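The values are calculated or read from the model by the stated rules, or taken from the named source; none is laboratory data. Just so it is clear, the model here is predicted, and its values are computed rather than measured. A quick note on method: Cβ atoms are made from the backbone with ideal geometry, for glycine too, and the neighbour counts reach across all protein chains shown. What goes into the accessible areas is simple: the full protein's heavy atoms, side chains included, and nothing from ligands, DNA or RNA. Shrake-Rupley method; radii C 1.70, N 1.55, O 1.52, S 1.80 Å.
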Amino acid sequence: MAGIGGSNYWEDLRKQARQLENELDLKLVSFSKLCTSYSSSRDGRRGDTSDTTPLLNNSTQDRMFDTMSVEIEQLLAKLTAVNDKMAEYTNTPGTASLNAALMHTLQRHRDILQDYTHEFHKTKGNFLAIREREDLLGSVRKDIETYKSGSGVNNRRTELFLKEHEHLRNSDRLMDDTISIAMATKENMTSQRGLLKSIQSRVNTLANRFPTINNLIQRINLRKRRDSLILGTVIGVCTILLLLYAFH
């Protein structure tokens, strides 16, 4: 069984572990608040168009982040060293009867150390990701503002040139459509003229091939004209007779 000196040594290690754990708990809470305020201040500055300046600017928050990171890492290293000493003590001769209780206590402190380490790295990673993203967005916004300020005078002229270019393109399309319609009309008229020539040629061919039919058609036309003349003469004579009878 461990002696009085060994028991006091173990209690001193436990006190050191609890003290470091309390300090780490407070530091991690402040560290998390710093990261949250950093993100909130960035969001506020992104949507704020006034000239007001936040209480903590980027450089101040970055310095606080670096300082607190170093302090937390040092506390984690000290707590790790205390846990290692506690593990060595559990392996010393004379602690066999208390080994189960000591190991339970040591495991609890190790779990706390692991939780604090995980929380620290998670918060630190989130902070670095936010800072990297915001730095990238800030650089992009700065480039855009620089471009706008440098080319603001030419924006109106560029816009007018683009509109004029679009008008010219529309005019070209209209001209192309008009030319296409004219070409289609010309082709259609050429096709119709060829069709009429073909019909006339076929009629002439039939007339030359069958001269009897041609002569018959000419006789029919002559008889029709003769009958029209006779009918017109009869109608004229009857009209004259009617007029003479009416005025007699």
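So which residues in segment 15-60 are open to solvent by 70 Å² or more (accessible area, probe 1.4 Å), at pLDDT 80 or above and over 30 Å from residue 105 (Cβ atoms)?
33, 36
From the list 2, 87, pick out the single residue that is modelled with pLDDT of 80 or more, surrounded by 12 or more Cβ atoms within 10 Å (Cβ to Cβ) and farther than 30 Å from residue 134 by Cβ.
Every option except 87 fails the conditions.
Which condition does residue 63 not pass, out of (1) modelled with pLDDT of 90 or more; (2) closer than 22 Å to residue 30 by Cβ; (3) open to solvent by 80 Å² or more (accessible area, probe 1.4 Å), if it passes all the others?
Unmet for residue 63, out of (1) modelled with pLDDT of 90 or more; (2) closer than 22 Å to residue 30 by Cβ; (3) open to solvent by 80 Å² or more (accessible area, probe 1.4 Å): (1).
Taking segment 104-129, which residues are farther than 19 Å from residue 21 by Cβ and open to solvent by 40 Å² or more (accessible area, probe 1.4 Å)? Walk me through it before giving the result.
We begin by selecting, within segment 104-129, every residue farther than 19 Å from residue 21 by Cβ; these are 125-129.
Of everything in segment 104-129, those that are farther than 19 Å from residue 21 by Cβ and open to solvent by 40 Å² or more (accessible area, probe 1.4 Å) turn out to be 126, 128, 129.
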